[in-house]
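Enquirer: First the structure, which I've put down as structure tokens, then a few questions once you've had a look.
The values are calculated or read from the model by the stated rules, or taken from the named source; none is laboratory data. This is a predicted model, so every value here is computed, not measured. Note: ideal-geometry Cβ built from the backbone for every residue, glycine included; neighbour counts use all protein chains shown.
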Amino acid sequence: MPRINESIPEFKVEAFHNGEFTEVSSDDVKGKWSIFLFYPADFTFVCPTELGDMADHYEELQKLGVEVYSVSTDTHFVHKAWHDASDTIRKIKFPMLGDPAGVISRGFDVLIEDAGVALRGTFLADPEGVIKVAEIHDLGIGRSAADMVRKVKAAQYVASHDGEVCPASWEPGKDTLKPGLDLVGKL
């Protein structure tokens, strides 16, 4: 499993994006912050609520310099069919990566091998492709895009403010911490 501060796994897959089929590789995602949003399958129940929630936050993420990549073990053809059939999925403007061979899902260690689907994994990588946030949920537990946006802001803050860290529930404008001897036992 990729770990915090390790590089994302290598991959090259087909995607459905902006009405077209395109190829996306691990090299293509470098150069900007990236969210990999794994989900079990198209045409299901919790999945469209999560993808729709992320679509609602996509513009804000784009302003933060973040690209979102949703990933399931469906093909890019199935992603197009789901996009055409669902009002919720039609809102998606980010690339929907097809992973029918489970290459990316296995690389991020979220593939349920005997079911051929991915757990609900969310990974945030910095512009160098280094993982800064990793979160995995069981199939029945949906995620919050708003909280992912908060984590992006915290990761970007820490990346640009050497020596500072963000406490629990940190939001931009709130106080950060500078770890040191003077803070030990004072929080």
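Enquirer: Exactly one of (1) closer than 23 Å to Asp56 by Cβ; (2) in a loop (DSSP other than H, G, I, E, B); (3) over 13 Å from the mean Cα position of the chain (by Cα) is unmet by Arg143. Its number?
Expert: Just one mismatch for Arg143, condition (3).
Enquirer: Residues His79, His83: which one is touching a strand residue (DSSP E or B) at 6+ places or on another chain (Cβ under 6 Å) and not aromatic (Phe, Trp, Tyr)?
Expert: It is His79.
Enquirer: Now for a separate question. Could you grab me the full set of residues in the stretch 36-59 that are in a helix (DSSP H, G or I), over 14 Å from the mean Cα position of the chain (by Cα) and touching a residue at least 12 places away in the same chain (Cβ under 8 Å)?
Expert: Those that are in a helix (DSSP H, G or I), over 14 Å from the mean Cα position of the chain (by Cα) and touching a residue at least 12 places away in the same chain (Cβ under 8 Å): Val46, Pro48, Thr49, Asp56.
Enquirer: Before we move on, is Val78 outside any helix (DSSP H, G or I), of a type in the set (A, V, I, L, M), at pLDDT 95 or above and buried (at least 18 other Cβ atoms within 10 Å of the Cβ)?
Expert: Taking the combined requirement at face value, the residue does not satisfy it.
Enquirer: Let me ask you something else. Look through the stretch 89-140, keep the residues that are assigned to a loop (DSSP other than H, G, I, E, B) and β-branched (Val, Ile, Thr), and return whichever of them is nearest to Gly31 (Cα to Cα).
Expert: Among those that are assigned to a loop (DSSP other than H, G, I, E, B) and β-branched (Val, Ile, Thr), it is Ile92.
Enquirer: Then there's this: Hey, among Arg106, Arg150, Arg90, which residue is closer than 17 Å to Ile8 by Cβ, surrounded by fewer than 20 Cβ atoms within 10 Å (Cβ to Cβ) and among the basic types (Lys, Arg)?
Expert: Arg106
Enquirer: I need the full set of residues from the stretch 93-116 which are in contact (Cβ under 8 Å) with a residue 12 or more places away in the chain, farther than 24 Å from Ile4 by Cα and of a type in the set (D, E, K, R), in order please.
Expert: Residue satisfying the conditions is Lys93 alone.
Enquirer: Do we find a residue being touching an Asp or Glu at 6+ places or on another chain (Cβ under 8 Å), among the charged types (D, E, K, R), over 19 Å from Val68 (Cα atoms) and part of a loop (DSSP other than H, G, I, E, B) anywhere in the stretch 160-183?
Expert: Yes.
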